[in-house]
Amino acid sequence: MNTPLRTILNAAGRLCSLVLSAVIGGAVALSLAHADPAVPLYDVVRAKRFEMVDQQGGIRAVLYTGSDSQAHLTLNDVDGTPRLDLHADGFMGESGLLLFNDLGKVGLNLRQGGALAYPNVPGVHLNGREGNLRLWMTLVNSEETPGLVLFDASGNVLKMVKP
C-alpha cells in the first residue's frame with residue numbers, strides 16, 4: 001500500500017541516491033580531469049575523513065565516520081554551513097537524511113529505524129525555523145499504523161492523529 005509517508009520516504013531515498021551519486025561522480029570526474037601521471041594511483045584509499053573543497057578552499061562536502069560510528073556524508077553551502085547530512089548505521093541501526101535551514105537548524109529529518117519508542121520504523125520530522133519539532137509522522141506499531149503528531153512552538157502536543 002502506497003501511503004503518503006511511504007511516498008515521502010521513497011522520494012527521499014531517490015534524493016539521497018541522486019545526491020550521493022552526484023558527489024561521488026563529481027569527485028571521480030575531477031580526479032580524472034586533473035589526473036597527473038606522476039601522482040600514484042592506489043587500489044584502496046583508507047581514511048577516517050574525506051573533504052571536498054571549492055576553489056577558495058572552503059569545505060563543501062565531507063565524508064566521515066562520526067564518534068557515534070555513523071557513516072556521514074555532509075554537504076555544506078558556500079559559507080561552510082551544513083545544509084544536508086546523510087547518515088547510516090548509527091544508534092540502533094538508524095539511517096536518515098537531515099536538511100538544514102539557513103540558521104543551521106534541522107528543518108527536515110527523514111529517518112529509518114533507531115527510534116526507542118517504535119524501533120525499525122520510518123519517520124518524518126518537520127521542524128520550525130529554530131529547529132523545534134512541529135510535526136512527527138511515523139508508523140507506530142508492528143501493524144504499521146500511521147501516526148501523526150502536531151506540536152506548538154513550545155513543543156506541546158496540539159493534536160495526535162491515528163486511525
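The values are calculated or read from the model by the stated rules, or taken from the named source; none is laboratory data. Quantities reported herein were computed from a predicted structural model and do not represent experimental measurements. Cβ coordinates were reconstructed from backbone atoms using ideal geometry, including for glycine residues, and neighbour counts include every protein chain displayed.
Summary of values
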| quantity | calculated |
| --- | --- |
| Check on L98, modelled with pLDDT of 90 or more and within 18 Å of A71 (Cα to Cα) | yes |
| Some residue of segment 18-25 being at pLDDT 60 or above and part of a helix (DSSP H, G or I) | yes |
| Number of the exception - G114 against (1) assigned to a strand (DSSP E or B); (2) modelled with pLDDT under 90 | (1) |
| Selected residue (criterion: modelled with the highest pLDDT) from residues of segment 129-162 that are touching an Asp or Glu at 6+ places or on another chain (Cβ under 9 Å) and more than 21 Å from G96 (Cα to Cα) | L158 |
| Residue under evaluation R60, criteria (1) under 27 Å from L108 (Cα atoms); (2) modelled with pLDDT under 90, criterion not met | (2) |
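Listed here are the residues, each with its yes/no results for (1) closer than 23 Å to G96 by Cα; (2) surrounded by 10 or more Cβ atoms within 10 Å (Cβ to Cβ); (3) within 14 Å of the chain's Cα centre (by Cα).
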residue	(1), (2), (3)
V44	no, no, no
F50	yes, yes, no
V53	no, yes, no
G58	no, yes, no
S69	yes, no, no
L73	yes, yes, yes
N76	yes, yes, yes
T81	yes, yes, no
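Each row is one residue, and each column tells you yes or no for (1) in contact with a Leu (Cβ under 6 Å, 6 or more places away or on another chain); (2) farther than 16 Å from G147 by Cβ; (3) in a strand (DSSP E or B); (4) at pLDDT 75 or above.
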| site | (1), (2), (3), (4) |
| --- | --- |
| G104 | no, yes, no, yes |
| Y118 | no, no, no, no |
| G123 | no, no, yes, yes |
| L126 | yes, no, yes, yes |
